[in-house]
Amino acid sequence: MARRAPDIARRILDGGHDLGNHTLRHLAINAMSEADAEAEIRGCADRLRRLTGSIGTWFRPSRTPTASALVAGVARRVGYRTSSPTTSTRSTTPRRAPPPSPARSSAGSATDPW
């Protein structure tokens, strides 16, 4: 999303929300070698940093509901907390008050089941 619509990614952050890393190419991350998994996670982190100035806080693995121990370790090494479909970030992610806005728009719906 950040690559196709960097202005929306910036608006998400400016609205007090956080962006997360879901890998660069959305491949089956748990099936990758450590080096390939790190390239996927770092590649997405680098893109987020270039586009928004931040890598985000959370990593959610692609093509699986939970990260393997290897992938979770790589994500932590890159600078992320890991999440799964049951992880709640509501109480642990600091929120900034959104700026006043006369109109709000929706960002669309996700099609990824994980």
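The values are calculated or read from the model by the stated rules, or taken from the named source; none is laboratory data. Fair warning: this is a prediction, and the values are worked out from it, not measured in the lab. We place every Cβ from the backbone using ideal geometry, glycine too, and count neighbours over all the protein chains shown. Heads up: the accessible areas ignore ligands, DNA and RNA and are worked out on the full protein's heavy atoms, side chains in. Shrake-Rupley method; radii C 1.70, N 1.55, O 1.52, S 1.80 Å.
Kindly indicate the residue of region 9-29 that is over 11 Å from the mean Cα position of the chain (by Cα) and open to solvent by 60 Å² or more (accessible area, probe 1.4 Å) and also modelled with the lowest pLDDT among those meeting that condition. Checked region 9-29; the qualifying residue modelled with the lowest pLDDT is Arg10.
Please specify each residue of region 31-55 satisfying the condition of being crowded, with 17+ Cβ neighbours inside 10 Å and not aliphatic (A, V, I, L, M). Result: Glu38, Glu40, Arg42, Cys44, Arg47, Thr52.
Checked against (1) open to solvent by 70 Å² or more (accessible area, probe 1.4 Å); (2) of a type in the set (Val, Ile, Thr); (3) at pLDDT 95 or above, Val74 passes all but condition (1). Pairing each residue of region 39-62 that is in contact (Cβ under 8 Å) with a residue 24 or more places away in the chain with any residue that is open to solvent by 30 Å² or more (accessible area, probe 1.4 Å) and assigned to a helix (DSSP H, G or I), provided the two are 6+ apart or on different chains, yields C-beta distances under 6 Å for Leu51/Pro6; Thr52/Arg10; Ile55/Arg49. Applying the criterion of being part of a helix (DSSP H, G or I) and within 12 Å of Thr82 (Cβ to Cβ) to the residues of region 38-71, the residue that is nearest to the chain's Cα centre (by Cα) is Ile41.
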